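Asker: Have a look at this one before I ask anything.
Readers should treat all values here as calculations from the given coordinates under stated rules, not as data from a laboratory. Because the structure is a prediction, the values reported are computed rather than measured. Cβ coordinates were reconstructed from backbone atoms using ideal geometry, including for glycine residues, and neighbour counts include every protein chain displayed.
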C-alpha cells in the first residue's frame, strides 16, 4: 500500500494550551511509525509557541492565528493551499477558531475530504461560554465547516450525541485519545524537586489551570479535607492558562488550606511522570472535558482517579480504577474522603486495574491504527473493522 498524506491542523502546538497540543503530536508520530500515512501537522500558533514533541517524526508548519493576516497575506494562504493539495485527506482538530473555517474552506474548494474532531467543544458547558458569539459564528462559518466534513470524530459516545444535538447528520466515529506510558516511572525525581512532599499522601491535579477544570470548588473544600487527613497534600500541576492561580491561592488562604497545597506550574518529561508515580490519587472535577489525556496518563501510571461525570469516562468505575463525582464542593469533599479512607492495598489494586485498562484500550498503537482504518474508508477503502460508523 502506498503511503499518502493526512494533513492534521490544530489551533496550537504548545502544551500549555491543553489537550489537543498534547495528544496530537504523538498521534502524528505513531501514524508515521506505522508507515501508512504521512502526518504533517499545521498549527495556527502564537509566535512564541514551542512544539510538545521537538524531535518529532512528522513535519510541522506554522501559521498565524490572525484573521487579518489570512485576509491580507496571499502568500500564507498559498502556503496552506499547497499543503491541502498535497494531502489526500485533512483532519481538523478543534473548532471555533480560524484554523477550522480556513482549512475546511480550502479543502472544499480543492476537492479534499476532511475529518473534524471537536475535542469536547460542543459540550453543553462549552456552548454556554460566550453563547451569542458562538451562535453567530456558527451561522456564518462553523456549521458549514462541520456539516461538510466527510466524517466527524467523537472522543466518546457522549460527544457523538452532542454532534447530533447540534443538528449534524454526517457519519460519526468514536475514537478516543491514546497515551504512551513510560515502562518505569518512579517517585524519586518528583520528590527530589519537592522534598517537602516526602511522606505525604499526594492528591494530584494535572492540567491547565482553568475554571472549567473545577479547581475553584476543589480549593474551597480542600481545607476541610486536609483537617481530617493531616498527611494529605494537594499538588496542582499545570500552566496557568487563564490567570486564575492568584484567585485559587486567595481561596486557599481564606480557607486556611495554603500550607497543604503546592503549585508546580507546567511539568514535563520525567518530572511529570514522576509526579503521577508519587500520587496516591489523581483528581479532575471538571465541568467539561473532551477526553482528558491526564486521566489516561494517571491510569496508565497505576494511579487511581477521582473524576467528574463530565469527563465522560465510564470505563473508570467499570474497570474498578477509581471514582466518579459531581462538581460541587460537598461532592468533591465526599469523594476525596472516600478515596483517602480507602486502604493502601485496595488503592494499589485499583491502580493495577487502571494500568491494564489503558494497555488494553488506549495505547497509541491501537488508536493510530483506528485512525488509519478511518482514513482508508473515507478514501474509498473497506468499512472500518474495529469500530462502528454511526
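Asker: On a 0 to 90 degree scale, rounded to 10, what angle separates helix 19-34 from the longest Cα axis of the chain?
Answerer: 60
Asker: Hey, another quick one. Give the calculated FRET efficiency between residue 184 and residue 132 to the nearest 0.05, with a Förster radius of 45 Å applied to their Cβ-Cβ distance.
Answerer: The value I calculate is 0.35.
Asker: Moving on. Within segment 284-327, list the residues whose amide N lies under 16 Å from a label point set 7 Å along Cα→Cβ of residue 352.
Answerer: So the set is 300-304, 319-322.
Asker: Given a cut-off of under 8 Å on Cα pairs at least six residues apart, what relative contact order in percent is computed for segment 60-137?
Answerer: Dividing the mean separation by the residue count of segment 60-137 yields 27 percent.
Asker: Turning to a different aspect of this structure: Shape verdict for segment 188-361, please, from the Cα gyration tensor: rounded (a/c under 1.5), prolate (a/b greater than b/c) or oblate.
Answerer: Taking the square roots of the gyration eigenvalues as a ≥ b ≥ c, segment 188-361 is rounded.
Asker: Among 68, 358, 235, determine the one that fluctuates most according to a GNM of the chain built with springs between C-alpha atoms less than 10 Å apart.
Answerer: 68
Asker: Moving to a separate point now. If you rank 48, 231 by fewest surrounding Cβ atoms within 10 Å, what's the result?
Answerer: In order of increasing Cβ crowding within 10 Å: 48, 231.
Asker: Would you work out if the chain is rounded, prolate or oblate? Take a ≥ b ≥ c from the square roots of the eigenvalues of the alpha-carbon gyration tensor; rounded if a/c is under 1.5, else prolate when a/b is larger than b/c, oblate otherwise.
Answerer: Judged from the Cα gyration tensor, the chain comes out prolate (a/c at least 1.5, a/b above b/c).
Asker: How would you rank 313, 143, going from fewest to most other Cβ atoms within 10 Å of each one's own Cβ?
Answerer: 143, 313
Asker: Continuing with this model, one more query. Counting other beta carbons within 10 Å of each residue's own, what order do 286, 147, 184 fall into, fewest first?
Answerer: Ascending number of Cβ neighbours within 10 Å: 184, 147, 286.
Asker: Going by average Cβ density within 10 Å per residue, which order do the peptides 327-336, 19-28, 127-136 take, highest to lowest?
Answerer: Final packing ranking: 19-28, 327-336, 127-136.
Asker: Then there is this: What full-extension length gain, to one decimal in nm, is calculated for residue 231 and residue 143 as 0.36 nm per residue of separation minus the Cα-Cα distance?
Answerer: Stretched fully, the residue 231-residue 143 segment lengthens by 26.6 nm.
Asker: Once the Cα atoms of helix 344-361 and of the chain are each reduced to a long axis, what angle between those two axes, in degrees from 0 to 90 to the nearest 10, is obtained?
Answerer: 10
Asker: With just the Cα atoms defining each centre, how far is segment 55-105 from segment 374-390? Give it in Å.
Answerer: Rounded to whole Å, the Cα centres lie 25 Å apart.
Asker: Calculate how steeply helix 329-340 sits against the longest principal axis of the alpha-carbon atoms of the chain, using the helix alpha-carbon long axis, and give the answer as 0 to 90 degrees to the nearest 10.
Answerer: With rounding to tens, the tilt is 70 degrees.
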